[in-house]
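Here the structure is laid out as structure tokens; the discussion comes afterwards.
The values are calculated or read from the model by the stated rules, or taken from the named source; none is laboratory data. This one's a predicted model, so the numbers in the text were calculated from it and none came from an experiment. Note that we place each Cβ from the backbone using ideal geometry, even for glycine, and neighbour counts take in every protein chain shown.
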Amino acid sequence: MSRLSLSCQPYTLELNHQFTVAAWSRATTPVVLVELHYEGITGYGEASMPPYLGESTGTVVQFLSGLDFSPFSDPEKIDLILDYVDSAAPGNNAAKAAVDIALHDLAGKIRGMPLYRIWGLDPQKTPPSSFTIGIDSPGVMVSRIGEARDFGMIKIKLGTAFDKEIIKAIRAHTSRPLIADVNQGWKDKNDALEMAFWLKENGVILLEQPLPKENRDDLSWLSRQSPIPIIADEGIKRLSDLENNLDVYNGVNVKLMKSTGLREAKKIIGLALKNKMVVMIGCMTETSCAVAAASHLSPLCHFADLDGPFLIRNNPFENISVQNGGIVIPDKPGIGVDLKHNPAK
Ligand code: MG
């Protein structure tokens with residue numbers, strides 16, 4: 001009987017710039033690169049562990065090492081395998097995502113089809129994607145606009161004492177639509193509502209996680225009053241979080257590292273759309289492995305925020321490209337990106 005086997009390799013992503021948001025700052029992101037092997041075919045996956053989410057290289061490697069794939073002889077039985085992976089331990093969302101991505105890549109390669117085609121999606125219907133500029137002095141943030149290349153939107157991190165200065169400075173240098181991401185950095189709902197009106201006047205089209213996720217009553221109030229959609233990031237990780245927060249936000253930023261991968265991300269997108277919410281497909285700092293995987297879901301979404309590989313300087317995978325403001329979905333079997341070089345070297 002053929003065997004499904006997993007190997008993994010810790011790797012450190014080096015960011016182009018110190019990355020600062022309302023609550024923290026960092027220059028690297030640990031990831032674990034995963035390979036699932038089956039009959040000479042390799043599926044690639046990735047776990048990215050920004051420290052604030054609680055997973056680490058150690059927890060991911062420990063979770064993956066405890067998995068036993070010997071009962072599974074058919075890697076195309078994705079639901080069966082991922083049900084087992086999800087039940088192996090609570091939490092470990094990024095580690096589970098790595099297996100989910102690798103398994104989808106493997107299944108796509110076995111069938112010789114890109115994931116978007118397996119799902120029946122139109123690769124021409126990719127939404128505009130944003131490029132993120134972290135918190136710095138307004139002058140430095142303006143100097144980063146050129147790095148946004150062909151991205152259709154720019155995401156600006158806020159949550160400082162000088163948020164309006166940042167937006168004014170950026171707005172003076174680009175007419176592109178802006179997304180404001182506060183990373184829970186504001187505390188008062190009335191101030192947040194006043195800012196939402198001011199941001200709309202300045203061409204900001206979405207306001208992401210303005211208040212702490214625990215302040216559900218305030219977020220719900222804000223979502224009813226705000227002139228621009230309030231979308232969840234930290235507040236919604238898995239499908240159950242969306243089910244419990246349908247009236248709290250106007251939209252959701254879906255990320256594979258929060259959702260445990262593609263399978264549940266697709267369910268979250270479906271439920272959010274059914275509830276007429278704004279849907280963004282996003283990422284952490286990730287290589288083009290996890291971001292390419294997410295891109296296959298992007299035709300289902302209103303917006304994308306898939307800039308991860310463009311924020312790092314040592315992507316071990318082939319790059320993905322940006323055209324007409326959005327990510328081009330790779331047109332090869334599975335997720336559609338191969339390793340450029342062995343990350344262990
Ligand atoms: Mg965010």
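Before moving on, here are some points about what is shown:
- Residues satisfying the stated conditions in the stretch 1-11, i.e. buried (at least 17 other Cβ atoms within 10 Å of the Cβ) and either in contact with a Leu (Cβ under 6 Å, 6 or more places away or on another chain) or farther than 20 Å from residue 47 by Cα (or both): 6, 8, 11
- Residues that are more than 24 Å from residue 52 (Cα to Cα) and either free of Cβ contacts under 8 Å to residues at least 24 places away in the same chain or within 16 Å of the ligand (Cβ to nearest atom) (or both) number at least 2 in the following strands (runs of 3 or more DSSP E) confined to the stretch 149-257: 204-208.
- So residue 14, is it surrounded by fewer than 16 Cβ atoms within 10 Å (Cβ to Cβ), among the charged types (D, E, K, R) and assigned to a strand (DSSP E or B): yes
- If you go through the stretch 336-345 and keep only what is part of a loop (DSSP other than H, G, I, E, B) and aliphatic (A, V, I, L, M), you end up with 337, 344.
- Among the residues of the stretch 186-233, those that are within 12 Å of residue 156 (Cβ to Cβ) and out of contact with any Asp or Glu (no Cβ under 7 Å at 6 or more places or on another chain) comprise 199, 202, 203, 204, 205, 206, 207.
- Checked across the stretch 91-98, the condition of being closer than 30 Å to residue 21 by Cα and outside any helix (DSSP H, G or I) holds for at least one residue.
- Of all the listed residues (223, 240, 298), the sole one being modelled with pLDDT of 95 or more, closer than 23 Å to residue 81 by Cβ and not basic (Lys, Arg) is 240.
- Odd one out for residue 86 among (1) over 15 Å from residue 289 (Cβ atoms); (2) crowded, with 23+ Cβ neighbours inside 10 Å: (2)
- All conditions in (1) within 16 Å of the ligand (Cβ to nearest atom); (2) in a loop (DSSP other than H, G, I, E, B) hold for residue 276, with the sole exception of (1).
- Among the candidates 29, 59, residue that is closer than 17 Å to residue 316 by Cα and either of a type in the set (Ser, Thr, Tyr) or under 18 Å from the mean Cα position of the chain (by Cα) (or both): 29
- The stretch 284-308, subset within 19 Å of residue 179 (Cβ to Cβ) and out of contact with any strand residue (DSSP E or B) (no Cβ under 6 Å at 6 or more places or on another chain), residue surrounded by the fewest Cβ atoms within 10 Å (Cβ to Cβ): 300
- Search result, residues across the stretch 21-43 that are buried (at least 17 other Cβ atoms within 10 Å of the Cβ) and among the hydroxyl-bearing types (Ser, Thr, Tyr): 29, 38
- Which numbered condition residue 70 fails, given (1) under 23 Å from residue 12 (Cα atoms); (2) of a type in the set (Gly, Ala, Ser); (3) part of a loop (DSSP other than H, G, I, E, B): (1)
- Positions within the stretch 114-148 being polar (S, T, N, Q), more than 16 Å from the ligand (Cβ to nearest atom) and closer than 21 Å to residue 283 by Cβ, in sequence order: 126
- Selection within the stretch 309-335: residues that are on the phi < 0 side of the Ramachandran plot and assigned to a strand (DSSP E or B). The member of this set that is surrounded by the fewest Cβ atoms within 10 Å (Cβ to Cβ) is 323.
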